[in-house]
Each structure stands twice: as structure tokens, then as C-alpha cells.
Amino acid sequence: MSSRSQLKCGILMDITGSMGKAWDGVRASVIKLIKKICIEEELPVKFVIVPYTEKGSGSYASWHEFDNPADTISFVESIKLCHPPSHPHIDAHGGDSDENVKGGMAIIYKNIETDIPYIWFHVTDAGWHSIGGSSSETHAEEKFLDELQINTHDFFEIWNNLIQKNPNIFWCPILVRCNCIDRAYAQMTKQTNGFLVTTQSRFRPKQIFFQAKAPSTQQLSFGHPNTTRRLVVASFILIKIMILPSLRCTVGI
């Protein structure tokens, strides 16, 4: 791998309690993705992990960037649901149905480089706190945003600030939920030429829908034992076909 990565892959990870049923699969998929890209294919890609969770008295999100795949894998293996890596002794399950997505995105905004492309996978089963919400979790996230000196509590303003700071972001939500494709997440995907994966059922998922400009739309069987491998391959295809070709002059591939 080159000394300076020409592409970074970020994982924005919901580690609240509601992710419990899917957590083992999520962690295994992330590890296989890292191995496929960095070890098997030896692509010039470095990983960033941003876990987030919350409770009524606190909102937690943190940036973890690594220089080699072994350290990245070790960190992913160490993540525990409801225990933010920045505060490992805190037990934060998340409270209401929405989560502190804005806090996670704000951490990305504060730390992201402006001169390098990123592909971001956002693994979650929930949306974000709306402005004016009365829950203690909403207020905790607002305090978190204020401490980061984010000048807004509006989700879409934070998103717009992020893609203006670095327009070379490919946003790829992976939604572990019973709903159909969330329109806002889908719009973020379309806006950045990423792809969106969603399941039909939170606890007994049946299908994943993979969509991107290249390759063409596919349907993958979530219950099949090769699902994780196929998802990893799909992610790898996105990186190799859609992003790295534009970097050949600098990467040398």
C-alpha cells in the first residue's frame, strides 16, 4: 500500500442497542470488506471508523483512522454495542426511535480531508432527531453539536456543509430496518453517486437491493450463506470501477 492513500473508506456505525440482532453480521461484513480491499487486492485505501450511540445524558461519536488493515480490524473487533469507544465505560443504548446520526456526521465534517475522495458506508436502523424534539437524547445531541462548534442542528444543513467541504464523497447507506428505502437516505445516495442497501425485515431480513450506476441494479439474497461475500464484492466493485479509474494517473493502476 502506498504511503499516502489516494482513497479512504469510512464506516459510520450505529452502535445503539437496536442494532443488536444485526450486529454480528455488520461487524463480520466490515472486517471482510477491509480484508478484501486492503489485503487481498492491496488497493491504496485506508479506513476510518466512526461509531455513534447515545443516552439521555450524553451523545457520543468519535473518529478513528488507521494506517494499516490489521489495526483497523482489531479496532472493529473491539467495538461493543452501546459502549462508545471514546467512553468505553459508558452504557448508552439509545433511547427514542431516532439516533444521533447528526453527531456522527458532524464528527466526519470536523475531521474529513478536503483533497482526497472518500467512500462512506453508513450502517444504521434508524433516522435522526428532528429539530425541536423534546427527548433528552435530542437535547444531548444538540449539546454535542454545540460543543463541536457546529452552527446548526439541522440534519440537511450538516449534510450540505459536509459535501461542500469535500465534494468527492460517495455515500452508501446500509439500512437494517423493516421500512422500504428511506427517501432522504436514498437522495443522499443519488446526490453522491453511491449505492443503498436495505433489508425487508429488521430481524429476519430477506433481500438486499444493491443499486449503483455501475454495475447495474441487482438483487441479493440476504439469507444465503454467501450474502456477506457478495456485499463485500459489490462494495469492492463500486470502489474499483467507479472511483479508482479516475485516480489511475496518481495511483498507478
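The values are calculated or read from the model by the stated rules, or taken from the named source; none is laboratory data. Because the structure is a prediction, the values reported are computed rather than measured. No Cβ is skipped: glycine too gets one built from the backbone with ideal geometry, and neighbour counts run over all protein chains shown.
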Say we look at the stretch 60-72 and pick out the residues that are in contact with a Pro (Cβ under 9 Å, 6 or more places away or on another chain) and part of a strand (DSSP E or B); which of these is farthest from T16 (Cα to Cα)? H64
Going by what's in this entry, would H93 be described as touching a residue at least 40 places away in the same chain (Cβ under 8 Å) and over 18 Å from the mean Cα position of the chain (by Cα)? yes
With the condition kept exactly as written, say whether any residue in the stretch 43-53 is closer than 20 Å to G10 by Cβ, among the hydroxyl-bearing types (S, T, Y) and either surrounded by 19 or more Cβ atoms within 10 Å (Cβ to Cβ) or free of Cβ contacts under 8 Å to residues at least 12 places away in the same chain (or both). yes
Quick count over the stretch 121-147, residues being within 20 Å of the chain's Cα centre (by Cα) and of a type in the set (A, V, I, L, M), is 3
For the stretch 57-69, the count of residues that are buried (at least 18 other Cβ atoms within 10 Å of the Cβ), more than 14 Å from the chain's Cα centre (by Cα) and touching a residue at least 40 places away in the same chain (Cβ under 8 Å) equals 3
Residues (farther than 16 Å from S78 by Cβ, out of contact with any helix residue (DSSP H, G or I) (no Cβ under 7 Å at 6 or more places or on another chain) and charged (D, E, K, R)) located in the stretch 1-34: R4, K8, D14, K21
Filter result (part of a loop (DSSP other than H, G, I, E, B) and either under 22 Å from T16 (Cα atoms) or within 14 Å of the chain's Cα centre (by Cα) (or both)) within the stretch 43-56: G56
Please pick out the residue among I253, I169, I241 that is surrounded by fewer than 15 Cβ atoms within 10 Å (Cβ to Cβ), aliphatic (A, V, I, L, M), within 20 Å of K46 (Cα to Cα) and at pLDDT 50 or above. I241
Qualifying residues in the stretch 93-112 (those that are assigned to a loop (DSSP other than H, G, I, E, B) and at pLDDT below 95) - the one nearest to P167 (Cα to Cα): D98
Based on this model, can you work out whether S86 counts as among the hydroxyl-bearing types (S, T, Y), modelled with pLDDT under 90 and in a loop (DSSP other than H, G, I, E, B)? no
Condition check: outside any helix (DSSP H, G or I), more than 12 Å from the chain's Cα centre (by Cα), touching a residue at least 60 places away in the same chain (Cβ under 8 Å) and farther than 30 Å from S135 by Cα. Does L33 satisfy that? no
Failed criterion for E137 (all others in (1) among the acidic types (D, E); (2) modelled with pLDDT of 90 or more; (3) surrounded by fewer than 16 Cβ atoms within 10 Å (Cβ to Cβ) hold): (3)
R204: passes all of (1) assigned to a loop (DSSP other than H, G, I, E, B); (2) surrounded by fewer than 16 Cβ atoms within 10 Å (Cβ to Cβ); (3) at pLDDT 85 or above but (3)
Given the conditions (1) closer than 21 Å to S130 by Cα; (2) surrounded by 23 or more Cβ atoms within 10 Å (Cβ to Cβ); (3) without any contact (Cβ under 8 Å) to a residue 40 or more places away in the chain, and given that T72 satisfies all but one, which numbered condition is not satisfied? (1)
Only one residue in E40, E113 is within 22 Å of C9 (Cβ to Cβ), surrounded by fewer than 22 Cβ atoms within 10 Å (Cβ to Cβ), over 16 Å from the mean Cα position of the chain (by Cα) and in contact (Cβ under 8 Å) with a residue 12 or more places away in the chain, so which one is that? E113
